[in-house]
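A short write-up of the structure that comes next.
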Amino acid sequence: MADEREIRVGIIGAGGIAGAHAERYKRVPGARVVAVADVLPGRAQGFIDRYGLEGARAYGDYREMLRDDLEAVSICTFNAAHYEPTMAALEAGKHVLLEKPMAVRLSQGLDMVRAARRANRMLSIGFQSRYDPNVQQARRVVHSGGLGKVYYAETGGGRRKGIPGGTFVRKETAVGGAVLDIGCYSLDTALWIMGDPRPLAVSATTSDYFGKSPVYARQAWGGTMRPEDFDVEDFGVAFIRLEADAVLVFKISWAMHFDSLGHTFFLGTEGGLDLDQLRLYHDTYGLGAATDLPRRDSNWGDQFLRKIQAFVEAVRDGGPAPIPGERILHATAILDALYRSAAERAEVKVELPPV
C-alpha cells in the first residue's frame, strides 16, 4: 500500500518564484505548506493569505521556522541568499529543494553537497526543464549512442528586449545577470543531455551595454530604474573545454539587436541533433538524411508541477533526490570559472576537488 502520510513543507523566501512552489504543492496529494519565512515584515503572512495556505505559520526568520515540525523546505530566496538557508536547513535535518542556480562559487556548492551527505538529507536543485519530455527524448538519443561520440555542442538563448528589474540586476542580490537568470537552464540542459561531462577550462566574456544604457532604461523601465544601479551582465559567452576532447559553446543575452543566438545542437561522429527542432541528422549509405523526432506538448507550468511532485515523492519514499546537488557541481564549476575568466580576460582552468 502506498505511503499516504502528509509531507509538511516550509518555504523560505516569499517572492515571485515562491508562488509557483506554493501553487504546485497545493496540487500534489499529501503535501502541505505549513510555514513560510521572509525577512520583510508582513510579507510571509501576506503570502500565506494570497495563496490560501490555510493553517500555515508566518516567520520573519527562517532559522526559527526550521525549528518547526516540517520535513522539507523549498528555498526561493534571491541568488545571493541561497547558501546560508540551504546549509541551515540541511543542518536542521530538512530535505531541501533549492531554486536555481545552486551556487555561483564552487566552494559553496561543495559545502552544500557535503552538508547534505552529513545530514543524510536530500538536496535537489530546481531545474524543471529536465522534466520537458522533448529534452528527455534528446537525452535518450544521445545516451543510446545515436550520435556516436559527441565532440561539440552549442547552447544558450536570448531575448531581443527582456532585461528584468528589481533584485535580478543588482550584484548584491543576484550575484550575476543573464548567465544566472536564464543561462543556467541552457547550461544544465546541455550538460545533462551530454551525460554531465567534467569541465576542464573556460574562456568567457560578459558585457552590460544594454543594462547601462539610458536609452534602453527609458524604453524598458520608463525611468523606474537607473542605469547606474545596473551592475550585472546582460550578455555572456563562453568556450568550455570538456573531458574526452569535447567542447561546449555557451551564449546568453537579455537584450540584443538580433532575434536569436541560435539553436541548441549537438554534433557527434555518427550524427547530429538539433534540440529546438527535435531533428536528428544522420547519414544513410553516404547520403545526408534527417529525421524529425516526435514532439510532445510541454509547458513551463507542467514541468514545474512535475518538479514539485518528484521532490515530494522522493521525501515520502526516502530518496534519492530527483536532481541531486552533486550532479550540479560540474555546472557550478563552469559558472564559477566563467565569471573568473570574464574578469581576468583569460582562459581559466577548472579545479574540481573530490566531494
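The values are calculated or read from the model by the stated rules, or taken from the named source; none is laboratory data. As the structure is a prediction and not an experimental result, all values here were calculated from the model. Counting neighbours? That spans all protein chains shown, and the Cβs are built from the backbone with ideal geometry, glycine included.
Numbers at a glance
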| read-out | value |
| --- | --- |
| Answer from SER144, SER186 - the residue that is touching a residue at least 24 places away in the same chain (Cβ under 8 Å), polar (S, T, N, Q) and in the same structural domain as ALA244 (by TED's automatic domain parsing) | SER186 |
| Positions within the stretch 316-325 being within 19 Å of TYR185 (Cβ to Cβ) and part of a helix (DSSP H, G or I), in sequence order | GLY325 |
| Matching helices (runs of 4 or more DSSP H) fully within the stretch 119-236 where at least 3 residues are closer than 20 Å to SER298 by Cα | 133-143, 184-194 |
| Residues being touching a strand residue (DSSP E or B) at 6+ places or on another chain (Cβ under 6 Å) and either surrounded by fewer than 23 Cβ atoms within 10 Å (Cβ to Cβ) or modelled with pLDDT of 95 or more (or both) - total across the stretch 158-181 | 4 |
| Qualifying position, being touching a helix residue (DSSP H, G or I) at 6+ places or on another chain (Cβ under 6 Å) and surrounded by 16 or more Cβ atoms within 10 Å (Cβ to Cβ), among ALA18, ALA37 | ALA37 |
| Test for LEU180: is it of a type outside the set (Asp, Glu) and within 14 Å of the chain's Cα centre (by Cα) | yes |
| Residue in the stretch 208-220 that is modelled with pLDDT of 95 or more and touching a Leu at 6+ places or on another chain (Cβ under 6 Å) present | no |
| Tally of residues being closer than 17 Å to ALA255 by Cα, polar (S, T, N, Q) and surrounded by fewer than 19 Cβ atoms within 10 Å (Cβ to Cβ) across the stretch 182-214 | 3 |
| Close pairs from the stretch 159-177: first closer than 16 Å to GLU99 by Cα, partner of a type in the set (S, T, N, Q) and buried (at least 19 other Cβ atoms within 10 Å of the Cβ), Cβ under 6 Å, at least 6 apart | ALA174/ASN79; VAL175/ASN79 |
| Residue match in the stretch 304-313 (condition: modelled with pLDDT under 95 and either part of a loop (DSSP other than H, G, I, E, B) or in contact with a Lys or Arg (Cβ under 6 Å, 6 or more places away or on another chain) (or both)) | no |
| VAL104 vs. criteria modelled with pLDDT under 95, outside the structural domain of THR264 (by TED's automatic domain parsing) and over 30 Å from TYR281 (Cβ atoms) | yes |
| Flag for GLU64 being acidic (Asp, Glu) and either assigned to a loop (DSSP other than H, G, I, E, B) or closer than 22 Å to SER129 by Cα (or both) | no |
| Residues being of a type in the set (D, E, K, R) and farther than 30 Å from ASP292 by Cα - total across the stretch 135-188 | 5 |
| Positions within the stretch 221-254 being of a type in the set (Phe, Trp, Tyr), modelled with pLDDT of 95 or more and surrounded by fewer than 18 Cβ atoms within 10 Å (Cβ to Cβ), in sequence order | PHE239 |
| First in the stretch 194-212 and within 24 Å of ASP234 (Cβ to Cβ), second anywhere and basic (Lys, Arg) and modelled with pLDDT under 95, Cβ under 9 Å, 6 or more apart | PHE210/LYS161 |
